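Asks: The following block contains the structure, expressed as structure tokens.
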Amino acid sequence: MSAAEQHVFVSGDEAVAMGVRLARPDVISAYPITPQTVVVERLSEYVEDGSLHCQFMHVESEHSAMSAAMGVSATGARAFTATSSQGLLHMCEGLHYASGSRFPIVMMNANRATAAPWNIYGDQRDSLSMLDCGWIQVYVEDAQEACDMMIQGYRVAEDPAVLTPFMINLDGFVLTHTYELVSLPSQEEVDEFLPPLETENKMDPLSPKSLCITIGPGLDQEIKYQQHQAMMQAEEVIERVDREFGDRFGRYYGGMLEAYQCEDAEFILVATGTTVGTARTVVDALRSEGVSAGVLKLRYLRPFPVKQLGEYARKANVIGVLDRDISFGMEGTIFTNVNSALSRCGSALETMNFIGGLGGRDISKQDLTDIFQKMQDQATGKKQPHVQFFGMECETNE
Amino acid sequence: MSKNLSNKEYFYGHKACPGCGGSLAVRLALKALGDNTLTVLPANCMSAVSFIYPQMAFTGNAMISPFASTASMLSGVAAGAKARGMEDYHVIGFAGDGGTADIGLQALSGAIDRNDPVIYVCYDNEAYMNTGIQKSGLTPVGATTTTSPAGKNESGEIRPKKSMFEIVAAHNIEYAATCSVGYPRDYIKKIEKASRVKGATYIHVYAPCPTGWGHPTDQTIALAKEAVDCGLWYLAEYEKGDFKLNKRPKKFADVGGHLKKQARFRHLSDREIQDIEQHRDARWETMTSKWN
Amino acid sequence: MIEVRWHGRGGQGGFTAARLLGVSAALFENRYALAFPSFGPERRGAPVLGFTKIDDKKIVDRSAVRECDHLVILDETLIDDDITSGLRPGGSILVNTRTPERYDELFNGFEVSGLDATGLALDILGRPITNTAMLGGLVAKTGIVSLDALKKGMAIELKPALVEKNINIAEVSYERLQEVTA
Amino acid sequence: MSRPIIKPYMMPRTMQEIPFGATFESGHLVEGNAGWRTFKPEVDQEKCTLCLTCYLVCPDGVIFKKGDQLCIDYDFCKGCGICAHECKFDAIKMVKEEI
């Protein structure tokens, strides 16, 4: 930890706002939505009190928030926005647009259920339904990581090899509204780590550009290939940037993913966001009982850590995937991705999908303990459905 | 001729239909603003005909926005240009009637409410032309379009145009004006005036579409002028809270004659034309009594 | 790990108290803390919960608090038969009341203290905002953090105009509770 | 130069040549619109008063003054006929395009 760091006791939303302030965006265009609201409130205060030199644009919708951010980025300036759930869905058109235009916009998304039914609480169905929009997606576990990823996010997004927009996901309420200790690096340190944005695809008075142009069947596919390449290259940049961040600020997050007690684990639970924390305590408890359990924290879902996942899977017996999401008629989206990655790595491992924590339902230690039990049962031949909901309040007749 | 009009062409080699009123509106506005103009267009005819890789018809900086967000992308460009410390530039957007009065209305309202320093031009050709002549919120009564077809039971569009000019004025906008490509000097003057305003401005320019309206390509200017002369369109300004009519015809030119030059109105009966005249008279009654 | 559950109504500052306790522990006693409200829309007057978790190591478990060691009740009209649910056996209860004895039966088996926080707040603040009084009382009763750490936490977290009076309230309630529990 | 000109362009053969982020050089023209015409405007320089009304109302901006002559960029004129129709001096005539 650097001497210049300052300690604060703040919520996840506030940590995001503080991280954004350190990253010095030129323009913020955002529309309020629970549970993201505190982010835009704090940023408005920072702009008002002069601690952030930035234009705060009060847009009239999330669609406009993203469009304005693209306009900002089109001039080569640094843009930030934040949203959640319905707001993210309202932005969907712009998400594709921004990634195709290679605008390195950074966005915070407070993971929240999607209507109907109307529900303001946390799950990840919002951002997971946007996996194909061409944005880098990272899921963070605590307020410190949220703050740090705002800074890392710009660095990765603006890397010349990447130039791809970056979405940082925080579990709604459980992370956005929980207060905890956060270390803030100094502005000078962040300025050294994060240089000003330099990009070619911008409006330039000396060499005028046409942006978001029309390209037909003749070359569109190549543009998409280019986007895919950039996303694939992002993997290396993410690792490098995280390491450098670790060297400078003392916090390295594991790059694409973090393995906790996975080296020799027979039973690995793959999880994202705040659930990982609870899973760590459950793994500790199981380990003390002699169960060889581990948790794999998937940090990035785009790009997806295919290789790394394959390596951890090699020694495991059963892999469970926790999804706070369901792709109706199929399975959890993370499960689909994990299975695809494992199959590409030549793994024929048993995988199980545990769907729960929807609409803000708490995921308890007991839930996770039960999940590990089911994975053990599977290993001992007690076969179960590959996709199962957990923590149901009602009988399901299955 | 406006003295300040640049002799440079900033919108050139585009693929708009011959005689396109919208493309003239874009061309003249950009000439009025000169070098270093940042342009935003949503998905519409003007963007569809000018960003066809590798043929780029805008010589200045320009970009296509999502359909609904011409105004918000304009706001973003204006904010970004300011942040980057650009100097001596204008930010202008060109959306059609559908892009303005329908899908883009919310974003436009937001930009005016924020008073962002942008010029928003609505080139009004009275239907969604890019997708093949579908009815928009600015399609006039009686016009047949592919989604308001005149037939045995209906006589084309049944609802009058939304009054975008007054909708915009109701935001207490810094400056708004209506124009017609049939009165190009008036249009240029108003664009120039908008460019001197420090906040949001709105220019609504009537721009015939030979393809969609069904008139010979050489009639574009004549029809745009005649629409004003027969009172179906008007030239006005809203400034500092006041409405001002720039042109009050002493006697309206013949409406029937005007409408019958366009295939989209050719089905109208004399009775229906009389209805249109009556509606026009009522509208002018209001405008002349309430506006300066 | 120490877990505290706060019961109050929207606007009474129950969650602020939960947060102040966390601030004091995390920033002034080198410990780790999480503080969070019962999640959902905020409505003045509606019952709300606040939670503080304090530990010597980083707290990674973010599942809902099911059990707690200490219960702080800012508004005695919230007391019902279920209010002690989840309070660990022998756990402590601090309730804002002038007549704690009336809850003897209901709170049997727990370590109960009463504090007339409303009276105190009205005396010093002139408003019935009872959170800092209850906080001072809790700290005196349990020693979760020192009074000094609490005062420092309040000094950096509260609006400058409110700091002095609230520290005063916390000091007075701290003393009262020490007298009661002595 | 008051108007852009047609430049030869080779479509990309390598990924490096692909327009990055769907962004490309403005005013980059690779072809004209001459083929669109059935009729083309011809200027009677004697009758022309250089009032430039035609220049003002041309949707394609292809009319310009060069010295005391009114010129038309036939590479980009689509032959819409607006110039001829709006000329008060009958100085522009639309004539059938001959190949």
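The values are calculated or read from the model by the stated rules, or taken from the named source; none is laboratory data. These figures come from a predicted structure and were not determined experimentally. Cβ sites come from the backbone with ideal geometry, for glycine too, and all protein chains shown count toward neighbours.
Asks: Kindly check whether there is at least one residue in region D:76-99 that is over 17 Å from B:Cys20 (Cα atoms), under 14 Å from the mean Cα position of the chain (by Cα) and not basic (Lys, Arg). Please lay out each step first, then the result.
Replies: The first filter runs over region D:76-99 and keeps only residues over 17 Å from B:Cys20 (Cα atoms), leaving D:87-99.
Narrowing further to those that are under 14 Å from the mean Cα position of the chain (by Cα): none.
The answer is no, given that none of the residues of region D:76-99 is over 17 Å from B:Cys20 (Cα atoms), under 14 Å from the mean Cα position of the chain (by Cα) and not basic (Lys, Arg).
Asks: I'd like the full set of residues that are assigned to a strand (DSSP E or B) and without any contact (Cβ under 8 Å) to a residue 60 or more places away in the chain, limited to region A:10-30. Talk me through it step by step, then tell me what you get.
Replies: Restricting attention to region A:10-30, the residues satisfying the condition of being assigned to a strand (DSSP E or B) are A:10-11, A:27-30.
Within region A:10-30, A:Val27, A:Ile28, A:Ser29, A:Ala30 meet the criteria.
Asks: I'd like the full set of residues that are without any contact (Cβ under 8 Å) to a residue 60 or more places away in the chain and not in a helix (DSSP H, G or I), limited to region A:34-74.
Replies: Those that are without any contact (Cβ under 8 Å) to a residue 60 or more places away in the chain and not in a helix (DSSP H, G or I): A:Gly50, A:Ser51, A:Leu52, A:His53, A:Cys54, A:Gln55, A:Phe56, A:Met57, A:His58, A:Val59, A:Glu60, A:Ser61.
Asks: While we're on this one: How many residues, within region C:110-157, are assigned to a loop (DSSP other than H, G, I, E, B), farther than 10 Å from C:Ser24 by Cβ and not polar (S, T, N, Q)?
Replies: First, pick out the residues of region C:110-157 that are assigned to a loop (DSSP other than H, G, I, E, B): C:110, C:116, C:125-130, C:143-146.
Now drop any that are not farther than 10 Å from C:Ser24 by Cβ, which leaves C:110, C:116, C:125-130, C:143.
Then drop every residue that is not not polar (S, T, N, Q), which leaves C:110, C:116, C:125-129, C:143.
Selection size over region C:110-157: 8.
Asks: Here is a list: A:Glu289, A:Glu311. Which entry is out of contact with any helix residue (DSSP H, G or I) (no Cβ under 7 Å at 6 or more places or on another chain), surrounded by fewer than 18 Cβ atoms within 10 Å (Cβ to Cβ) and closer than 26 Å to A:Glu236 by Cβ? Before you say what the answer is, go through the steps one by one.
Replies: On the way: A:Glu289 fails: closer than 26 Å to A:Glu236 by Cβ.
After applying the criteria, what remains is A:Glu311.
Asks: While we're here: Being modelled with pLDDT of 95 or more, over 24 Å from B:Thr145 (Cβ atoms) and either surrounded by fewer than 16 Cβ atoms within 10 Å (Cβ to Cβ) or of a type in the set (D, E, K, R) (or both): is that true of B:Glu226 here?
Replies: Working: modelled with pLDDT of 95 or more: yes; over 24 Å from B:Thr145 (Cβ atoms): no; either surrounded by fewer than 16 Cβ atoms within 10 Å (Cβ to Cβ) or of a type in the set (D, E, K, R) (or both): yes.
Taking the combined requirement at face value, the residue does not satisfy it.
Asks: Can we say A:Ile363 is crowded, with 18+ Cβ neighbours inside 10 Å and assigned to a loop (DSSP other than H, G, I, E, B)? Please lay out each step first, then the result.
Replies: On the way: crowded, with 18+ Cβ neighbours inside 10 Å: yes; assigned to a loop (DSSP other than H, G, I, E, B): yes.
Taking the combined requirement at face value, the residue satisfies it.
Asks: If you check B:Ile173, B:Ile191, which single one turns out to be among the β-branched types (Val, Ile, Thr), over 19 Å from B:Met46 (Cβ atoms) and in contact with a helix residue (DSSP H, G or I) (Cβ under 6 Å, 6 or more places away or on another chain)?
Replies: Numbers: B:Ile191 fails: over 19 Å from B:Met46 (Cβ atoms).
One residue alone meets the criteria, B:Ile173.
Asks: Same structure again: Show me the strands (runs of 3 or more DSSP E) entirely contained within region B:77-191 in which 3 or more residues are more than 22 Å from A:Val59 (Cβ to Cβ).
Replies: Working: elements: B:90-96, B:119-124, B:175-180.
The qualifying strands (runs of 3 or more DSSP E) are B:175-180.
Asks: From the list D:Ala84, D:Ala34, D:Ala22, D:Ala91, exactly one residue is touching a helix residue (DSSP H, G or I) at 6+ places or on another chain (Cβ under 7 Å), among the aliphatic types (A, V, I, L, M) and away from chain A (no Cβ under 14 Å). Which is it? Reasoning before the result, please.
Replies: Details: D:Ala34 fails: touching a helix residue (DSSP H, G or I) at 6+ places or on another chain (Cβ under 7 Å); D:Ala22 fails: away from chain A (no Cβ under 14 Å); D:Ala91 fails: touching a helix residue (DSSP H, G or I) at 6+ places or on another chain (Cβ under 7 Å).
Result: D:Ala84 is the single residue among D:Ala84, D:Ala34, D:Ala22, D:Ala91 that is touching a helix residue (DSSP H, G or I) at 6+ places or on another chain (Cβ under 7 Å), among the aliphatic types (A, V, I, L, M) and away from chain A (no Cβ under 14 Å).
Asks: Moving to a separate point now. Go through (1) within 18 Å of B:Gly156 (Cβ to Cβ); (2) in contact with a Leu (Cβ under 8 Å, 6 or more places away or on another chain); (3) touching a residue at least 40 places away in the same chain (Cβ under 8 Å) and name the single condition B:His258 misses.
Replies: Checking B:His258 against (1) within 18 Å of B:Gly156 (Cβ to Cβ); (2) in contact with a Leu (Cβ under 8 Å, 6 or more places away or on another chain); (3) touching a residue at least 40 places away in the same chain (Cβ under 8 Å), the one that fails is (3).
Asks: May I ask you to list the residues in region B:233-248 that are touching a Phe, Trp or Tyr at 6+ places or on another chain (Cβ under 9 Å) and of a type outside the set (D, E, K, R)?
Replies: Here is the first cut: in region B:233-248, the residues touching a Phe, Trp or Tyr at 6+ places or on another chain (Cβ under 9 Å) are B:233-240, B:242-248.
If the condition is that a residue be touching a Phe, Trp or Tyr at 6+ places or on another chain (Cβ under 9 Å) and of a type outside the set (D, E, K, R), then B:Trp233, B:Tyr234, B:Leu235, B:Ala236, B:Tyr238, B:Phe243, B:Leu245, B:Asn246 are the ones that fit.
Asks: I'm checking my understanding of the structure. Among residues of region B:142-160 that are touching a residue at least 40 places away in the same chain (Cβ under 8 Å) and in contact with a Ser or Thr (Cβ under 9 Å, 6 or more places away or on another chain), which one is nearest to B:Leu105 (Cα to Cα)? Show your work before the answer.
Replies: Taking region B:142-160 and keeping what is touching a residue at least 40 places away in the same chain (Cβ under 8 Å), we get B:142-145, B:150, B:155-156, B:160.
After this cut, where a residue has to be in contact with a Ser or Thr (Cβ under 9 Å, 6 or more places away or on another chain) as well, the list is B:142, B:144-145, B:150, B:155-156.
On the way: B:Gly142: 24, B:Thr144: 24, B:Thr145: 22, B:Ala150: 27, B:Ser155: 27, B:Gly156: 24 Å.
Checking each candidate, the answer is B:Thr145.
Asks: Please pick out the residue among B:Gly93, B:Gly137 that is surrounded by fewer than 24 Cβ atoms within 10 Å (Cβ to Cβ) and within 17 Å of the chain's Cα centre (by Cα).
Replies: B:Gly137
Asks: Go through region D:25-59 residue by residue and tally those that are within 11 Å of the chain's Cα centre (by Cα) and of a type in the set (A, V, I, L, M, F, W, C).
Replies: 2
Asks: Among the residues of region D:5-19, are any away from chain A (no Cβ under 14 Å) and either touching a helix residue (DSSP H, G or I) at 6+ places or on another chain (Cβ under 6 Å) or modelled with pLDDT of 95 or more (or both)? Step through it out loud before you land on a result.
Replies: The first filter runs over region D:5-19 and keeps only residues away from chain A (no Cβ under 14 Å), leaving D:5-8.
Restricting the remaining residues to those that are either touching a helix residue (DSSP H, G or I) at 6+ places or on another chain (Cβ under 6 Å) or modelled with pLDDT of 95 or more (or both) gives D:6.
Yes, there is a match, as at least one residue in region D:5-19 is away from chain A (no Cβ under 14 Å) and either touching a helix residue (DSSP H, G or I) at 6+ places or on another chain (Cβ under 6 Å) or modelled with pLDDT of 95 or more (or both).
Asks: Only one of A:Pro303, A:Pro217 is away from every other protein chain (no Cβ under 14 Å) and under 30 Å from A:Met203 (Cβ atoms); which?
Replies: Values: A:Pro217 fails: away from every other protein chain (no Cβ under 14 Å).
Step by step, each of A:Pro303, A:Pro217 is checked, and only A:Pro303 is away from every other protein chain (no Cβ under 14 Å) and under 30 Å from A:Met203 (Cβ atoms).
Asks: So which of B:Leu5, B:Leu33, B:Leu38 ends up being at the interface with chain A (Cβ under 10 Å from one of its Cβ atoms) and aliphatic (A, V, I, L, M)? Break it down into steps so the answer makes sense when it comes.
Replies: Working: B:Leu5 fails: at the interface with chain A (Cβ under 10 Å from one of its Cβ atoms); B:Leu33 fails: at the interface with chain A (Cβ under 10 Å from one of its Cβ atoms).
B:Leu38 is the lone residue from the list that is at the interface with chain A (Cβ under 10 Å from one of its Cβ atoms) and aliphatic (A, V, I, L, M).
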